[in-house]
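Accompanying notes for the structure given below.
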Amino acid sequence: IHEIDTAYLPMFFDAAKDTAPDIYLGLFFQFAGGLRASEIVSVEYSSIGFIKEGGTFALSLKLEDKDLRPELSSAFISKVKRNRTQTVLPIFGDKLEKAYETHVSRYRKEGISALFIDQNGSPMTVHTYWKRFRRIKKEFIKRLYECPSLEAQMYALFLESYKWSTHIGRGTYSNIIAQNANNIGEIAVMRGDSSLSSSLPYLNDNRSVEKKVQDTFDSFYKGDAV
């Protein structure tokens, strides 16, 4: 599965907020910035820039290869697919700004540069992020089953029947971009791709980009979730 049904996206974010609040902000990085899990755990406070225009709040992230846990021998700790600057869009009204402010107030630790930390206060590894995401996935499916809607229950069964993990955020983001992009170059830029061929599968029509992507996400949000 490459994307989450957008009708249930607010419910997915709510499940994250309740079950894994330490990576709740990370979902915004995935779904509104297209970041991979390994890129999310590479973000340091010094890598973050703020974009404030017309009352909106977005983030600019400088992504670079780094090892925030040199004491560990395991590989793939905080690997960036391509060094770049990536924008995280202000989706769901002001929820990105609130998520960032809450995250910093709860999880910022003196002497630790990493934005995401584990329960021991150390920079979070991608393996820990995956484990936290699996907890969200399980809770999300549980909530779908508990919905009175038969359609939601069938979707839960569908999600249980196939493999999917953190990359579904990038896939959902990519498909929404493709619905609003004028050309494959715009898709590649917003996804942070180095090759146009990586973006080609997502090209499916001709409209325009960043503001429309933000508006598309906001159309899923009814004001009572996330």
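The values are calculated or read from the model by the stated rules, or taken from the named source; none is laboratory data. Only a predicted model underlies this, so the values are computations on that prediction, with no experimental measurement involved. Ideal geometry is used to build each Cβ from the backbone, glycine not excepted, and the neighbour counts take in all protein chains shown. Calculation scope for accessible area: heavy atoms of the full protein, side chains included, ligands and nucleic acids excluded. Shrake-Rupley method; radii C 1.70, N 1.55, O 1.52, S 1.80 Å.
Within region 19-32, residues that are closer than 14 Å to TRP130 by Cβ and among the charged types (D, E, K, R) have Cβ atoms under 7 Å from residues that are modelled with pLDDT of 95 or more and open to solvent by 10 Å² or more (accessible area, probe 1.4 Å) in these pairs: ASP22/TYR107; ASP22/ARG132, counting only partners at least 6 apart in sequence or on another chain. Could we say that THR102 is crowded, with 18+ Cβ neighbours inside 10 Å and hydroxyl-bearing (Ser, Thr, Tyr) here? It is false that THR102 is crowded, with 18+ Cβ neighbours inside 10 Å and hydroxyl-bearing (Ser, Thr, Tyr).
On inspection, GLU97 fails the criterion of being of a type in the set (D, E, K, R) and more than 15 Å from the chain's Cα centre (by Cα).
Is it the case that region 177-185 has a residue that's outside any loop (DSSP other than H, G, I, E, B), open to solvent by 50 Å² or more (accessible area, probe 1.4 Å) and at pLDDT below 90? Within region 177-185 (the criterion being outside any loop (DSSP other than H, G, I, E, B), open to solvent by 50 Å² or more (accessible area, probe 1.4 Å) and at pLDDT below 90), the answer is yes, since at least one residue qualifies.
Here is a check on your reading of the model: is ILE23 of a type in the set (Val, Ile, Thr) and open to solvent by less than 10 Å² (accessible area, probe 1.4 Å)? So ILE23 passes the test. Go through (1) open to solvent by 10 Å² or more (accessible area, probe 1.4 Å); (2) modelled with pLDDT under 90; (3) more than 30 Å from TYR155 (Cβ to Cβ) and name the single condition PHE50 misses. The failed condition is (2).
Scanning region 38-50 finds no residues that are over 25 Å from GLY111 (Cβ atoms) and in contact (Cβ under 8 Å) with a residue 40 or more places away in the chain. Comparison of ASP5, ASP94, ASP65 shows that the only residue that is in contact (Cβ under 8 Å) with a residue 12 or more places away in the chain, closer than 20 Å to GLU139 by Cβ and not β-branched (Val, Ile, Thr) is ASP5. What are the residues in region 120-169 that are small (Gly, Ala, Ser) and either part of a helix (DSSP H, G or I) or more than 11 Å from ALA37 (Cα to Cα) (or both), if any? Once the filter is applied, which keeps residues that are small (Gly, Ala, Ser) and either part of a helix (DSSP H, G or I) or more than 11 Å from ALA37 (Cα to Cα) (or both), region 120-169 yields GLY121, SER122, SER149, ALA152, ALA156, SER161, GLY169. Can you name the residue in region 1-43 that is charged (D, E, K, R) and at pLDDT 95 or above and, of all such residues, is nearest to LEU59 (Cα to Cα)? My answer is ASP22.
One residue is enough: does region 97-116 have a residue meeting the conditions under 23 Å from SER174 (Cβ atoms), touching a helix residue (DSSP H, G or I) at 6+ places or on another chain (Cβ under 7 Å) and at pLDDT below 95? No, region 97-116 has no match at all.
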